[in-house]
Amino acid sequence: MDRTIGFKERRYIEELRILTRATALDCIIDEKFERIVYVIRPGDMGFAIGKKGENIRRMQNVLGKRIEMVEYAENRDDFITNIFRPINISRIEKDQKSGLLNIVLMKKSDLGTAIGKKGANIEKARLLIRKYWDEELGELKAEDGDQ
């Protein structure tokens, strides 16, 4: 499990702390989607976002990249639920053959949002699940079995 934080990441974490008073446990610089994904300490999400999202907007202006935030959780399933928030997840299943994690959403209409524009949301989930739980993401499915 690779949970090292480099110089650039530490700089971004410190910038978040200075601008928002929130504590980030980690951040991932995603060059492919030109964004920074922060993993925020539980309970600090309100500070990090700010009133009407003003802290995120300020961070985006200062850093010149899109900012995304995920609240950390000790439990894998809770953490994955936080990654996909506000989408409601029904359950997370581990495929016995492949060992991949399959995520079952409550509503089929949420599949597009879960995947995100050009796959950005699903890629964020892959990066975080790989880094924190050393597991791989499989399929997204809807509760009713339709895909």
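Observations
- Potential lengthening of the chain between Lys97 and Leu111 amounts to 2.7 nm, from the contour at 0.36 nm per residue minus the alpha-carbon distance.
- Projected onto planes of every orientation and averaged, the convex hull of the alpha-carbon atoms in segment 76-142 covers 4.1 nm².
- Contact order, relative form, for segment 11-72: 33 percent (alpha carbon pairs under 8 Å, 6 or more residues apart, mean separation divided by residue count).
- Segment 1-112 - percent relative contact order, Cα under 8 Å, separation 6 or more: 16 percent
- Annotation: amide H of Met69 within the under-5 Å range of Tyr38, sequence separation 5 or more or interchain, hydrogens built in the peptide plane.
- Scanning residues 5 or more positions from Asp26 or on other chains, those with amide H under 5 Å from its amide H are Val39, with H placed 1.01 Å from N in the peptide plane.
- Cα-based convex hull, segment 7-71, per residue volume (Å³, whole number): 70 Å³
- DSSP beta bridges in the chain [antiparallel fraction, %, rounded to 5]: 50 percent
- Fraction of beta bridges assigned by DSSP in segment 25-90 that are antiparallel (%, nearest 5): 45 percent
- Counting only DSSP beta bridges with both residues in segment 76-142, the antiparallel share comes to about 55 percent.
- Shape of the chain, Cα gyration tensor, a/c cut at 1.5: prolate
- Label point at Arg66 placed 7 Å out along Cα→Cβ; residues across segment 114-133 whose backbone nitrogen lies under 13 Å: 114-125
- Distance between the pseudo-spin-label points of Arg58 and Lys32 (7 Å out from Cα toward the beta carbon): 3.2 nm.
Each value in this text was obtained by applying a stated rule to the coordinates, not by laboratory testing. Source: prediction; values computed, not measured. Note that each Cβ is placed from the backbone with ideal geometry, even for glycine, and that neighbours are counted across all protein chains shown.
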